[in-house]
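For reference, the structure is listed below as structure tokens.
Each value in this text was obtained by applying a stated rule to the coordinates, not by laboratory testing. Just so we're clear, the structure is a prediction, and the values are computed from it rather than from any experiment. Because the Cβ atoms are built from the backbone with ideal geometry, glycine has one as well, and the counts that use them run over all protein chains shown.
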Amino acid sequence: MNFELTEEQIMIQQAARDYAQRELIQDVLERDEKCIFPERHVKNLSELGFMGMMVDPEYDGAGMDTVSYVLAMEELSKVDASTSVIVSVNNSLVCYGLQKFGSEEQKQKYLKPLARGDYLGAFLLSEPEAGSDATSQRTTAEEMDDHYLLNGTKNWITNAASAQIYLVVAQTHPEKKHRGINAFIVERDSPGISLGPHEDKMGMRSSDTHSVMFTDVKVPKENRIGEDGFGFKFAMQALEAGRIGIAAQALGLASGALERSVAYAKERKAFGTEIVNHQAIAFKLADMDLKVENARNLCLKAAWLKDNGKSFRKESAYAKLYCADIAMEVTTEAVQIHGGYGYVKEYHVERLMREAKLTQIYEGTSEIQKIVISRKLLED
Amino acid sequence: MSVLVYTENWDGKFKKLSFELVSYASAIAKELGTNVTALSIGNVDDDELTKLGGFGATKILNVADDRFTSLDNKALSKAVANAAQAEGAKVVILAHNNLGKALAPRLAVKLDAGLVSGVTALPSGFDPFIVQKKTFTGKAFANAQIDADVKVLTFSQNSYKLAETDNNATIESFDAGVSDADFSTRVKETNKVTGTVLLTDAEIVVSGGRGMKGSENWGGLEELAELLGAGLACSRPVSDEGWRGHSEHVGQTGKIIAPNLYFAFGISGAIQHLGGVSSSKVIVAINKDPEAPIFESADYGIVGDVFKVLPQFIEGVKEL
Amino acid sequence: MKVLVLISNVPDTTTKIRFTEDNTAFDSSGVQWIINPWDELALTRAVELKEAGAIEKVSVANVGGKITEPTLRKALAIGADDAFRVDAEPLDAFFVAGQLTEVAKDYDIVLAGIEASDYNGSAVGGMLAELLDFNSVSAVSGLNIEGGELVINREIDGGSQVLSCAAPVVLIVQKGIAKEPRIPAMRGIMMARKKPLNVIPAMDGSNKIKFVNYEMPPPKAACKLVDEDNAKELIAMLHEEAKVL
């Protein structure tokens, strides 16, 4: 067994850390408060290669492994999970799905600009009445002569307003239930697409989230991903990979909160000594540290399995479930350690706590992860 | 044999730094049983040159040559080397500032000497020759042993007390032996900071931080600085906000200073700030937050309102 | 024009400095090594100049053991074209400068950071210039190449200068030479593996100084606090007790 990172992995970790600590930190509070999309950062991160990290260099990606991706996601998320979710959606849902299941023409036309960061992608699965239950798709894709006709509404779409490329999951053959579902590449400026209002969220406020309405939107047949009826499998596989990204994001929220707590507890004095010298605080920090370490190991193991071509369904669910839950716990404790300062925005930890909450909900709630884990456990 | 000091002047006047260097050199010369020769390059009149004698120099080599105003490293280091060789200098001392740091390495190679830069105290031993310097950006000191016959030291200013003597020095004109071909750089433009006390040269520095609340409140600091003949400085947020110019920014990423006395008004003392001022001999902090990290580094402090403290300081200084 | 950037491998600036038990050597266990911050700025400027078409090639060089190679590879990832490692333990600045002469002699511009954040010597660049009989300019805070001419900004004590200087030259650079150290892009990190990292055997050489031992600065005495309403008293203390006024 080898727990050591390679030189390249360390360099990517440092690059992400440097970017986050030097650049993201500068305007993160303002973007959170005013819900400003991090356009400049997405451009910079694209130039550095973070938007298509795991895409083959043949398709203009950086060709890095999933372990590097986890390390980068953790570092970015320590400072700014709103930006890291944009990175995550583009990498592990959109680029991953296209690289794995897209046709050569689709890769040339769409994957390349997505991996370079010239285009931004969004993944449209959730619906007002079909969240984690992806089999009940109400959005329809009616097959016409040379195209499909999309109708319906998608909900909670990250990057909805900023993306140029949508991956949309819709029902073509309702009678076949989930075997009738298809996934499509839809260009954002196709006629018939309209957006709902900007969602005013509790956290992740700098990423843009909307519902998206499709009214007779024509999608060329060559934009269907895979065989007819492959859509559900496509969505499940993409989500499986996506879980690692969100798990790493939750890990970063927790480790970022821990770093801030350690620094604060070493400086802040109470009863004549730094509060870190009070066992109540020191033990809290020890608990947080252990949780973060466990979370990191789960993420890295899932990433390692994926990189080595092994099944990672259960392990990515472990990682997503555990990281999200401890992110909530650790960020809450971080606020507690900071006392009154923790409750004001300037000290960042209240924001990390607000953001951590979403990691228990999106890309499969904690409860869904338990379904995945228990099913896999019981089938073996 | 002698100890040679390279002195620097400012428009024909010596900086306090040069007197400090000569004082330091005199103490070393005394241990070695020899004399101090001071080298002056530039247009300095005899009255001013004589002042060097007052700090222990017995001989002053005067190179009145305008060409050197370009501060050409190659030519200047050659001139200093020629003087060192003419005097048979065993120890050559320069300031640990921009110019000294530029010349010393070239000089050390020319003289086949051992160089220790940034020394802060007299050698702790002369045989072997051991002298202390800062390492790890001030986090530790190292004792460096020089085995070469000739030693070149760059000396961190404000590390040694001025020591006046009633000694008289002889002034000799010196031919630096430098030809036009030795000048390789061409100066296109020189911008000198004028009118105010040079920050890096100041013995006392008055500095303001974010707690000053705005550029309009700098009047009190300026008045105090003027009364004390002090330099004015500020923390990074202040220069980032544009309240004061970047030339006043002290800290890890700004100027690094080491005055005898540093006043920090409304500066919390982030680690980056302390990196630039922690070598100050005495730090005085005024901050309303008793938890401000500056108090960890300060020697004297007042927990309170800078705007209440400043007028009292000004009054106190006037009464001195 | 070809540029060589001298790279020093130093402990991360946040490292807690420790020494071996007898205080005769730096304790490097568990230390994370980085490119000396000033060297990193120099490299960033060199890469910018290359991207702008002002120079043809950027190389990096250091003197050190195999443990310094990750630092050189990071320099390659940032954008250097090739790297040289002189395989020797650096003894002092004079030794290091001597070891670098063979590599540096063919370059038009050599960039060196104003000091390394470990031994703060401020010496290698100037010594190398003297050994090679190159020109040198110190405290350089800006470098542009205009029509083949080197236009250099440098800080002088009490001001700044703009000057030109003929190559070959050693420029000893400081803050301002580049805005911020460049973060390596992933393309660069990938390419770094394929770029040449040449290992050169050490030449004969000797040192002129050695560090006998180290000391930590004495702990600071507690801050003496004066009441806000008696601020004048503090001025008196500075005058009578600290004797700095």
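Restricting to bridges with both residues inside the protein assembly as shown, how much of the DSSP beta-bridge set is antiparallel, in percent to the nearest 5?
Values: 69 of 152 bridges.
About 45 percent, rounded to the nearest 5.
Averaged over C:177-184, how many beta carbons belonging to a partner chain fall within 10 Å of each residue's beta carbon? Numbers along the way, then the final one.
Details: counts 0, 0, 0, 3, 2, 3, 12, 7.
Neighbouring Cβ atoms belonging to other protein chains average 3 per residue here.
Report for chain C the percent antiparallel among DSSP-assigned beta bridges with both residues inside it, nearest 5. Display every interim value, and only then the final one.
Working: 17 of 44 bridges.
That works out to approximately 40 percent antiparallel.
Test of the criteria: in the stretch A:1-58, which chymotrypsin sites (Phe, Trp or Tyr not before Pro) are in a DSSP loop and have at most 10 other Cβ atoms within 10 angstrom of their Cβ?
Values: sites: A:Phe3, A:Tyr19, A:Phe50; in loops: A:Phe3.
Taking the stretch A:1-58 and a limit of 10 other Cβ atoms within 10 Å, the loop chymotrypsin sites (Phe, Trp or Tyr not before Pro) found are A:Phe3.
For the stretch B:1-132, what does the relative contact order come out to in percent, with C-alpha contacts under 8 Å and a separation of six or more? It would help to have the intermediate numbers written out before the result.
Values: 216 pairs, mean separation 35.1, N = 132.
Relative contact order, the stretch B:1-132: 27 percent.
Give the Rg (one decimal place) followed by the Dmax (whole number) of the protein assembly as shown, computed from C-alpha coordinates and expressed in Å.
Every Cα atom of the protein assembly as shown included, Rg and Dmax give 32.2, 111 Å.
Per-residue counts of other Cβ atoms within 10 Å, averaged by peptide: what ranking do you get for C:143-150, C:119-126, highest first? Let's see the in-between values first.
Working: C:143-150: 14.5, C:119-126: 27.4.
By packing density, highest mean first, the sequence is C:119-126, C:143-150.
What does the average come to when, for each residue of peptide C:158-168, you count the partner chain Cβ atoms lying within 10 Å of its Cβ?
The per-residue average across the peptide is 6.
Within a 10 angstrom radius of each residue's Cβ in C:16-28, how many Cβ atoms of other chains show up on average? Whole number is fine.
Details: counts 1, 5, 1, 2, 0, 0, 0, 3, 1, 0, 4, 0, 0.
For this peptide, the per-residue mean of nearby foreign Cβ atoms is 1.
Ranking request for peptides C:106-114, B:63-71: highest mean number of other beta-carbon atoms within 10 Å first, then the rest in descending order. List each step's numbers first, then the result.
Values: C:106-114: 24.0, B:63-71: 16.6.
Ranking the peptides C:106-114, B:63-71 by packing returns C:106-114, B:63-71.
Let me know the charge dipole size of the stretch A:237-379 about its Cα centre in debye, to the nearest 20, where only the beta-carbon of Lys, Arg (+1) and Asp, Glu (-1) is charged. Don't jump to the answer; show the numbers that get you there.
On the way: 21 positive and 18 negative charges, 60 e Å.
So the dipole magnitude of the stretch A:237-379 works out to roughly 280 debye.
Looking at A:Cys35, A:Ala280, A:Gly252, which one has the Cα that reaches farthest to the positive end of the dipole of chain A (charges on Cβ: Lys, Arg +1; Asp, Glu -1)?
Checked the options; the winner is A:Ala280.
Going highest first, how would you order A:82-88, C:61-67, B:110-116, A:175-181 by mean Cβ packing within 10 Å? Write down the numbers at each step before the final one.
Details: A:82-88: 27.7, C:61-67: 18.7, B:110-116: 23.0, A:175-181: 15.6.
Top of the packing list down: A:82-88, B:110-116, C:61-67, A:175-181.
Among A:Leu45, A:Gln26, A:Val94, which residue has its Cα positioned farthest towards the positive end of the charge dipole of the stretch A:7-119, with +1 placed on the Cβ of Lys and Arg, -1 on the Cβ of Asp and Glu, and the dipole taken about the Cα centre?
Positive-most Cα among the choices belongs to A:Val94.
How about the stretch A:283-353: which GluC sites (Glu not before Pro) there lie in a loop by DSSP and see at most 14 other Cβ atoms within 10 Å? Walk me through the intermediate numbers first.
Numbers: sites: A:Glu293, A:Glu315, A:Glu329, A:Glu333, A:Glu346, A:Glu350; in loops: none.
The qualifying sites: there are none.
Are there any trypsin sites (Lys or Arg not before Pro) in the stretch A:256-359 that are in a DSSP loop and have at most 15 other Cβ atoms within 10 Å? List them by number. Provide the component values of the computation, followed by the final result.
On the way: sites: A:Arg260, A:Lys266, A:Arg268, A:Lys269, A:Lys284, A:Lys291, A:Arg296, A:Lys301, A:Lys306, A:Lys310, A:Arg313, A:Lys314, A:Lys320, A:Lys345, A:Arg351, A:Arg354, A:Lys357; in loops: A:Arg268, A:Lys310.
Passing sites in the stretch A:256-359 are A:Lys310.
Hey, got the dipole for the stretch A:7-119? About the Cα centre, +1 on K and R Cβ, -1 on D and E Cβ, debye to the nearest 20?
Details: 12 positive and 20 negative charges, 53 e Å.
Around 260 debye, computed over the stretch A:7-119.
Net charge around A:Lys269, counting only other residues with Cβ within less than 14 Å of its Cβ (Lys, Arg = +1; Asp, Glu = -1)? Provide the component values of the computation, followed by the final result.
Values: positive: A:Lys266, A:Arg268; negative: A:Glu267, A:Glu274, B:Asp289, B:Glu291, B:Glu296.
So the surrounding residues net to -3.
Roughly what % antiparallel, to the nearest 5, for the DSSP beta bridges in the stretch B:125-275?
Numbers: 9 of 20 bridges.
Rounded to the nearest five, the antiparallel share is 45 percent.
Compare the Cα positions of C:Pro90, C:Ser28, C:Val199 along the charge dipole of chain C (+1 at Cβ of Lys, Arg; -1 at Cβ of Asp, Glu; about the Cα centre) and return the one farthest towards the positive end.
Projecting each Cα onto the dipole axis, the largest value belongs to C:Val199.
Where does the charge balance sit around A:Ile193 when Lys and Arg score +1, Asp and Glu -1, over other residues with C-beta under 14 Å from its C-beta?
Summing Lys and Arg as +1 and Asp and Glu as -1 gives 0.
As a check on your grasp of the helix formula, calculate [θ] at 222 nm for the protein assembly as shown: sum -39500 (n - 2.57) over DSSP H runs of n ≥ 4, divide by the residue count, round to the nearest 500. Could the numbers behind the result be given before it?
Working: 27 runs with 339 residues, N = 945.
After summing the helix terms and dividing by residue count, I get -11500 deg cm²/dmol.
Report, in debye and to the nearest 20, how large the dipole of the protein assembly as shown comes out about its Cα centre when Lys and Arg carry +1 and Asp and Glu carry -1 on their Cβ. Please list the in-between numbers first.
Values: 100 positive and 131 negative charges, 349 e Å.
Roughly 1680 debye, rounded to the nearest 20.
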